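Below is one structure, written out as structure tokens; comments come after it.
Each reported figure results from applying straightforward, stated rules to the coordinates on display, with no laboratory input. None of these values were measured; they are calculated from a predicted model. Methodologically, a virtual Cβ is constructed for each residue, glycine included, from the backbone with ideal geometry; neighbour enumeration extends over all protein chains shown.
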Amino acid sequence: MKKEINRYLELGKINTLRVDRDTTPGLYLMAADGNDVLLPGQYATDDMIENALVDVFLYTDSEDRLVATTNKPLAMLDDFALLEVKDVAPFGAFMEWGLPKDLLVPNMFQKAPFVVGEKRYIQVVYDERTHRLVGTEKLGDFFDRNVKGLSPNKEVEIVVISKTPLGFKCIVNSKYEGLIYHNEIFEDVKLGDKRTAFVKTVRKDGNIDLALRKPGTKKDGSSSNKVYALLKQNKGIMPYNYKSDAQLIKQVFGLSKKDFKRSLTKLQDEGKIEVKETGIYLKG
């Protein structure tokens, strides 16, 4: 497919531009409307000759000048990404996003103070005050509160974006806000995870309560298989039983206390294990 040159320069996006002239600092690339932008010499290659079309990402440099790069950032305008905090300053935090100039998340766009080395899920947005690309954690304006086509048990695609006292907040089907409650999670969940979930409830405020497994489904088979497999991996002995702490069961087996007890009973009925005060023992 033949490339088409951009009509105008677009900040925060991949632009297809024409090589107009070669200068000491680098190549000047031009859009169809006649405006141009510098591609620093470090990104120039031998095939970037006059009138060649080049795909570049546009952002602003440390002096707020529009500049081009052949590097692709981890997130472009309106995209979401899990980014690492590289540095903090009195006015905001700087995120590593794959470009020479780090992405600033101003204090006003943070939900809580950032710490160097941690990762935060942010959206890249255009700041009309400074005319720059910045990051934001505050996604309230992004979410569509008029939920359509979703009902209980409906399968959805989610991205885990933050951890709250209640649970993990998610983006649902790229447009809605959802929550998985901590007391209903029995597996590892991390920020940035992309997975399938199920709608439990669509609330009046437009938020969605989610479940990682379809409500009403029984997992006796898979749960008991998990317990049996872990028991075999641990030489047939594990120091747990019906009285074991629920949080400990969740950490070790990734199961709720109810599913764990049900699995023990199933495995005992099948003659595969014996449960004693001292633990679970593989039979045979």
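Okay, here's what the table says:
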| read-out | value |
| --- | --- |
| Exposure proxy order (Cβ contacts within 10 Å, fewest to most) of V275, V115 | V115, V275 |
| Debye log10 I(q)/I(0) for region 155-211, one point scatterer per Cα, at q = 0.18, 0.20, 0.26 Å⁻¹ | -0.50, -0.63, -1.10 |
| Ranked list, fewest to most other Cβ atoms within 10 Å of each Cβ, for E157, E118, E63 | E63, E118, E157 |
| Directionally averaged shadow of region 113-250, computed from the convex hull of its alpha-carbon atoms, nm² | 12.0 nm² |
| Contour excess over end-to-end distance, with Cα ends at E184 and N153 and 0.36 nm allotted per residue | 9.6 nm |
| Shape parameters for region 80-136, alpha-carbon atoms, Rg then Dmax in Å | 10.1, 29 |
| Most mobile listed residue (Y28, Y121, Y240) in the chain, GNM with C-alpha springs under 10 Å | Y240 |
| Hydrodynamic radius (Kirkwood) for the chain, which is based on Cα pairs only, to one decimal in Å | 22.8 Å |
| Label-to-label distance, nm, for residues given as Y281 and K86 (7 Å Cα→Cβ offset) | 5.9 nm |
| Radius 9 Å from Cβ of R145, net charge of other residues (Lys, Arg +1; Asp, Glu -1) | -3 |
| Environment charge of L53, counting only residues whose C-beta is closer than 10 Å and scoring Lys/Arg +1, Asp/Glu -1 | +1 |
| Space enclosed by the convex hull of the alpha-carbon atoms of region 47-99, per residue, Å³ | 118 Å³ |
| Unsatisfied cross-links (Cα-Cα over 30 Å) in the set K169/K214; K111/K175; K2/K190; K190/K257 | K2/K190 |
